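The values are calculated or read from the model by the stated rules, or taken from the named source; none is laboratory data. Predicted model, so just to flag it, every value in this text is computed and none were measured. Positions of Cβ are generated from backbone atoms using ideal geometry, with glycine treated the same way; all protein chains shown enter the neighbour counts. Accessible surface is based on the protein model in full, side chains and every heavy atom, while ligands, DNA and RNA are left aside. Shrake-Rupley method; radii C 1.70, N 1.55, O 1.52, S 1.80 Å.
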Amino acid sequence: MKFTRPRLPYANSDLEPVISATTVDYHYGKHEQAYIDNLNRLIEGSEFDDMPLEEIIRKSDGPLYNNASQAWNHIFYFFQFAVGGAGEPSGKLAGQIIDQFGSIEDFKQKFEQAGASLFGSGWVWLSADAEGKLYITQGRNAENPMSSGLRPILVFDVWEHAYYLDYQNRRAEHLSKLWDIVDWDIISIRYGE
């Protein structure tokens, strides 16, 4: 099976000023394409050749895991945004966030802190277990919560290429601005609403 980079549901400039068109060009265009190209090369003729991407992530390690997970992570990341975002969490998801973290604002603060405090490169995730309990986790490099049996529902990328062109070394500022473009309707669907 050949994997391809899906077309974004918005123009590269639509996320400005939060994420510039130049960053989308490099980050989703070039970085993501490289992960997909490497993934396709690594699975060719192997036992992973016909597996869905999620299964490859759960069953692989080393370079194959890194490229499969990074390909998936970036798609997941870029497909959670919308022009102007979509409000705030609502429904079951909002209730669970408030129950576990105290308030939506407290949750956002904890999520940003997890992203800002991750040493080096990686991801900050909001994931759910089978009962719907939420977890904020840091993922170094290509780490993905699926490997630990969790279901990812939201992610912020804290690799430097995600923000450096727009924010230089101001990772925390980048993280705080991403809320402006998060589509909470998508996150609610991922949670199971």
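Treating each Cα of region 46-94 as one equal point scatterer and applying the Debye formula with no solvent, the log10 of I(q)/I(0) at q = 0.13, 0.24, 0.31 Å⁻¹ comes out as -0.47, -0.85, -1.15.
Accessible surface of Lys92, taken over heavy atoms with a 1.4 Å probe and every protein chain present, rounds to 120 Å². Tyr26 contributes an accessible area of around 110 Å² to the protein surface, as traced by a 1.4 Å probe with all chains present. Dividing the mean sequence gap of close Cα pairs (under 8 Å, 6+ apart) by how many residues the chain holds gives a relative contact order of 25 percent.
Using the Karplus relation 6.51 cos²θ - 1.76 cosθ + 1.60 with θ = phi - 60°, the per-residue 3J(HN,Hα) values for region 177-186 come to 6, 4, 4, 5, 10, 5, 9, 5, 5, 5 Hz, with x marking Gly and Pro.
Tell me the carbon and sulfur percent of the accessible area for the chain, rounded to whole percent, probe radius 1.4 Å. Using a 1.4 Å probe with all protein chains present, the chain comes out at 49 percent carbon and sulfur. The helix-only estimate of mean residue ellipticity at 222 nm for the chain, built from DSSP H runs of length n ≥ 4 each weighted as -39500 (n - 2.57), is -12500 deg cm²/dmol after division by the residue total. The angle separating the long axis of helix 104-116 from the principal Cα axis of greatest extent in the chain is about 40 degrees. Sorting Leu126, Leu42 by solvent-accessible area of protein heavy atoms yields Leu42, Leu126, largest first, with a 1.4 Å probe. All distinct Cα pairs of region 126-192 go into the 1/r average, and the inverse of that average, the Kirkwood radius, is 13.2 Å. Taking Cα centroids, how far is region 52-77 from region 133-193 in Å? Using only Cα atoms to place each centre, the spacing works out to 16 Å. Take the alpha carbon gyration tensor of region 1-109, find the square roots of its eigenvalues, order them as a ≥ b ≥ c, and report rounded if a/c is under 1.5; if not, report prolate when a/b exceeds b/c, else oblate. It is oblate, given that a/c is not under 1.5 and a/b is not larger than b/c. The residues of region 1-146 present an accessible area of 48 Å² per residue when probed at 1.4 Å with all protein chains retained.
In the chain, the longest principal axis of the Cα atoms and the axis of helix 62-78 are about 40 degrees apart. Here Lys177 is the anchor, and the lysines within straight C-alpha reach of less than 16 Å, apart from those fewer than 8 places off in the same chain, are Lys108, Lys110. Rounded to the nearest 20 debye, the dipole magnitude of the chain is 200 debye, with +1 charges on Lys and Arg beta carbons, -1 on Asp and Glu beta carbons, and the Cα centre as origin. In a fully extended conformation the segment linking Glu88 and Glu173 would gain 28.7 nm over its present Cα-Cα distance, using 0.36 nm per residue. Residues whose amide H comes within less than 5 Å of that of Ile153, counting only those at least five positions distant or on another chain, are Leu126, Ser127, Ala128 (H built at 1.01 Å from N in the peptide plane).
Sorting Ile75, Ile56 by solvent-accessible area of protein heavy atoms yields Ile75, Ile56, largest first, with a 1.4 Å probe.
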